[in-house]
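Engineer: My questions will all concern the structure given below.
Derivation of every value follows stated rules applied to the coordinates shown; laboratory data play no part. Treat the numbers as computed from the prediction; the structure is a model and nothing was measured. Using ideal geometry, Cβ is built from the backbone for each residue, glycine included, and neighbour counts are taken over all protein chains shown.
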Amino acid sequence: MDTYDSIYFPLLFAVEDRHFWFRGRNAAIRAIVERLRPQPPSNFRALEVGCGTGNTLRMLEEATGGALVGMDLFAQGLSYARRRVACPLLQADLRQPPFDSAFDFVGLFDVLEHLPDDLAALRHLRHILRPGGFLCLTVPAHRRLWSYADEAGRHVRRYEKTELAEKLVMAGFGVEALSFYMASVLPLMWLGRRLAGMIRRNKSGYESFRQELRVIPVFNEIMLLLLQWETRLLAQGRALPFGVSLLAVGRKPGA
């Protein structure tokens, strides 16, 4: 089974720097990373698995303050990432990780939902972390939000909060933080994807996804403003009660 369709890389690269979803997600992830990063961040080694076009990897390059590696299964995604970052890039499969207890921090952002055996993937990630290292990940939330976009994106599942916590524990992680985010997007996504399912039945998944990723002036900036309060709460270590995505931090036991 193919876990992702590389046809989306050019589309994503064209909109990620402007679209509220990716900018808001990066702000939320950065708030978490800056809480986890030691001060000073000397000898702090970080890896992003499934870095794709490098949009989040570029933010991590700024935020981690240490050695960073980007890894992806697809050479096409890495070719776009190279245009954004200076850190080393590696084409490799998470299911056969080329590292062993090498990193203090691993990021996995909207990747786990693509993998048929997510528990095995989490165990691989635990293996490449040093004792005491952190895994930070994001996944889409709520089965009831399943739509054409999940099918087009080759998702295997959306997650409930308790399910994600249980799988992290089963993989050997301690759950340091677990929160919904993208709360401001929830009513829009619920309504928009229900309407899209009825209106766009004759459109391809690619075309529907392209329409969803349009950057709409004014609306885009309003959504960014609404998402800023979420980032402030996450930066304080607080959990949000609802949202269309989940953000989790797991810690590998040890020093």
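Engineer: Can you give the three extents of the C-alpha atoms in region 6-251 along their principal axes, from longest to shortest, in whole Å?
Structural biologist: Here the Cα extents, ordered largest to smallest, are 51, 37, 34 Å.
Engineer: Now for a separate question. Can you list the residues, at least 5 places off or on another chain, whose amide H is less than 5 Å from the amide H of Val111, using H built in the peptide plane?
Structural biologist: Hits under the 5 Å cutoff: Thr138.
Engineer: Counting Lys and Arg as +1 and Asp and Glu as -1, each charge on the Cβ, what is the dipole of region 6-251 about the Cα centre in debye, to the nearest 20?
Structural biologist: 420 debye
Engineer: By how many nm would the segment from Ser79 to Asp5 grow when fully extended, if each residue of separation counts as 0.36 nm and the alpha-carbon distance is taken off?
Structural biologist: 25.1 nm
Engineer: Same structure again: Can you give the extra length, in nm with one decimal, that the chain gains between Trp229 and Arg143 once fully stretched, where that is 0.36 nm per residue apart less the Cα-Cα distance?
Structural biologist: So the chain would gain 28.4 nm between Trp229 and Arg143.
Engineer: Could you please rank Tyr80, Tyr181, Tyr148, placing first whichever residue has the fewest other Cβ atoms within 10 Å of its Cβ?
Structural biologist: So the residues, fewest neighbours to most, are Tyr148, Tyr80, Tyr181.
Engineer: Same structure, new question: How large is ³J(HN,Hα), in whole Hz, for each residue of region 243-253 in order, when computed from phi with the Karplus curve 6.51 cos²θ - 1.76 cosθ + 1.60 and θ = phi - 60°, using x for Gly and Pro?
Structural biologist: x, 9, 9, 10, 10, 10, 10, x, 10, 6, x
Engineer: Hey, fewest Cβ within 10 Å first, where do Glu113, Glu221 land in order?
Structural biologist: So the residues, fewest neighbours to most, are Glu221, Glu113.
Engineer: Express in nm, to one decimal, how much length is gained between Val169 and Ala67 on full extension, taking 0.36 nm for each residue of separation and deducting their alpha carbon distance.
Structural biologist: Using 0.36 nm per residue and subtracting the Cα-Cα distance, I get 34.0 nm.
Engineer: Please identify the trypsin sites (Lys or Arg not before Pro) of region 69-142 that satisfy two criteria: DSSP loop assignment and at most 15 other Cβ atoms within 10 Å. Which are they?
Structural biologist: Those that pass, being in a loop and sparsely packed, are Arg82, Arg83, Arg95.
Engineer: Work out the charge dipole of the chain with +1 on the Cβ of Lys and Arg and -1 on the Cβ of Asp and Glu about the Cα centre, then indicate which of Pro241, Ala149, Thr56 is farthest towards its positive end.
Structural biologist: Pro241
Engineer: Find out how many positive minus negative residues lie around Thr3, taking Lys and Arg as positive, Asp and Glu as negative, among other residues whose Cβ is under 10 Å from that of Thr3.
Structural biologist: Every neighbour counted, the sum reads -2.
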